[in-house]
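A short write-up of the structure that comes next.
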Amino acid sequence: MANVAGIPVWREIGASARASREPLERHAVVVVGAGPVGLALALDLGRRGHRVVVLSRLDFVAAGSKAICFSKRSLDIFDRLGVGQAMVDRGVTWNVGKVFWGADSEPVYRFDVLPVKDQQRPGFINLQQYHVEDILIDALQRLPNVDLRWGHRLTAVAQGEDAVEIAVRSAHEEYRIRCQWLAACDGSRSTVRDRLGLDFEGRVFEDNFLIADVRMDEDEAPAERWFWFDPPFNPGQSALMHKQPDGVWRLDFQLGWDIDRAAAAQPENVERYVRAMLGPRAKFRREWYSVYTFQCRRMQRFVHGRVLFAGDSAHLVSPFGARGCNGGLADADNLGWKLDRVLRGAADAALLHSYDFEAVLTADENIAHSSRSTDFMTPKCAASRAYRDAVLELARDCAFARPLVNSGRLSTAVSYPDSPLNTADADDWDGGVAPGSPALDAPLGEGWLLRALGDRFVLLADGWRGEPPQDVELYDLGACGEGLDALRARYALRPGSAYLIRPDHYVCARWRRPDRVAVAAALARAQGRPQ
């Protein structure tokens, strides 16, 4: 595997040439960063018909140790972008996790990340980030309105009231772009954030972890998430194992705080841990070794005038729980349809304040879960360790203790019960999906509900009477025949009920007895239109 400036190369692409020779270009949207978040946002906007420029400082797809676990919510987002099946076909599907303690070969706890069955997608797939990027790039290359520029580095940002002007440098030239909106998806070392003089707030954890991605020809272990507390092969610490495609395994070892990081990443030292976990005769080849210290931090705000931050440029969490890239994809999903409406003049720019509200809420929940996971996994005092060990001991036999076992609460969609886009329930509901929560998939005839919802506002009704509402697509289950029991149960539907669902598949209103006036008011609120 080739390396460029210390970065391993997965797919060579080469520097892009500009079609324009103008020193100042004008565009509606520029996305900085060609990781999964930036590519997903560009794909969303491109599929909606907008012209988008994507700037990548690299002229290749990087390999190395990055995100591998993609949640059902992210798969649902990928489905809406037309790439979900490609991700599932390429990835390793899993729903089960096991937690081990000490030398015991039997888990103290097992869990299912897809407790509600009969949904199109699994709880998780494992798929190396470079495969995810490859699939997104291939989809973008089919869109003539998206200009993906490799080897083009942003060097300066100047923001005005009605536009953002940036300076860009490639291998052959320097030029400027004046854009209406700049989406900063350029990662934890964001150049955009740095040039605007912005920073993170939060916590850096005093611990080190070793990642060893190894390739094994014999990989008969099941596709499950296995986590160890205090295993004999890493006493007093923790470890994690995940199966990836191509015979690659992600092995993660806690090392402690006071270590020589450079020495810990040397192959002879890494392989000592790997053989201790897999056995002295295990045959494997190195893919990637690294040592990292993680943070749980975020920017105070994600919307700064006409500059919009998403993904790691806006927030950082620990890798335990797979909340980093999944949280970033949630940002792109939330932002895409809102920016689309603003660009088309269908909503005022104030709609983007709801992105800031909801994305910050998502980041805070992910940071809270990540911090609690780390505190449980790495107790820093005798009392914390006694609590953790007592929980693990009880979890063997007592169901009430198992939810307290925290080896990384795995990423799930975050609800926004207080979102400014919601309309509060005016009727009594016992169950169902409340406003501010993501829609739950269910069988729908020969297909699936989330696929039927698409990427527009939908009024999901169980028997609509009279003229359909304007400016929203009516999907009436009353005309869909039999086989809808699971869907009706999950949404607590009964004849005459209806749900209003956003383009990102979040519920924003529901009624037992809807009428056109109520639907119109809720739709205006959710779309950012004057009421």
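A few notes on this one:
- Sequence-ordered 3J(HN,Hα) estimates for segment 296-302 from the Karplus curve with 6.51, -1.76 and 1.60 and θ = phi - 60° stand at 10, 9, 8, 6, 5, 9, 9 Hz, glycine and proline given as x.
- Full extension of the chain between Val4 and Arg385 gives 132.8 nm of extra length, using 0.36 nm per residue less the Cα-Cα distance.
- The chain shape via C-alpha gyration tensor axes, a/c threshold 1.5: oblate
- Between segment 235-300 and segment 11-32, the alpha-carbon center distance in angstrom: 38
- Percent of Cα pairs exceeding the 21 Å cut-off, where the set is segment 401-518: 39
- For the residue pairs Lys72/Lys243; Lys72/Lys117; Lys98/Lys380; Lys66/Lys338, the alpha carbons lie more than 19 Å apart in Lys98/Lys380; Lys66/Lys338.
- Each part reduced to its alpha carbon centroid, segment 379-409 and segment 73-140 end up 26 Å apart.
- Calculated FRET efficiency for the pair Asp348/Ala262, C-beta based, R₀ 60 Å, to 0.05: 0.70
- 3J(HN,Hα) along segment 60-68: 7, 8, 7, 9, x, 8, 9, 4, 10 Hz, from the Karplus curve 6.51 cos²θ - 1.76 cosθ + 1.60 with θ = phi - 60°, whole Hz, x for Gly and Pro.
- Three-way shape call for segment 395-447 based on the alpha-carbon gyration tensor, with the a/c threshold at 1.5: prolate
- Cα gyration tensor shape of segment 32-128, rounded if a/c is under 1.5, else prolate or oblate by comparing a/b with b/c: oblate
- Here the sum of -39500 (n - 2.57) over DSSP H runs of 4 or more residues, divided by the residues of the chain, equals -8500 deg cm²/dmol at 222 nm, to the nearest 500.
- Segment 1-110: trypsin sites (Lys or Arg not before Pro) in DSSP loop, at most 11 other beta carbons within 10 Å: Arg21
- Approximate spin-label separation Glu12-Ala163, in nm, with each point projected 7 Å along Cα-to-Cβ: 3.9
- For chymotrypsin sites (Phe, Trp or Tyr not before Pro), the sites in segment 429-518 that DSSP calls loop and that have at most 16 other Cβ atoms within 10 Å are Trp429.
- Here's how it looks for Val31: its modeled amide H is under 5 Å from those of Val53, Val54, Leu55, Ala183, which are all 5 or more places away or on a different chain.
- GluC sites (Glu not before Pro) within segment 356-447: DSSP coil, no more than 15 neighbouring Cβ in 10 Å: Glu446
Each value in this text was obtained by applying a stated rule to the coordinates, not by laboratory testing. The model shown is predicted, which means the values in this text are computed figures rather than measured ones. Please note: Cβ atoms are built from the backbone with ideal geometry, for glycine as well, and neighbour counts cover all protein chains shown.
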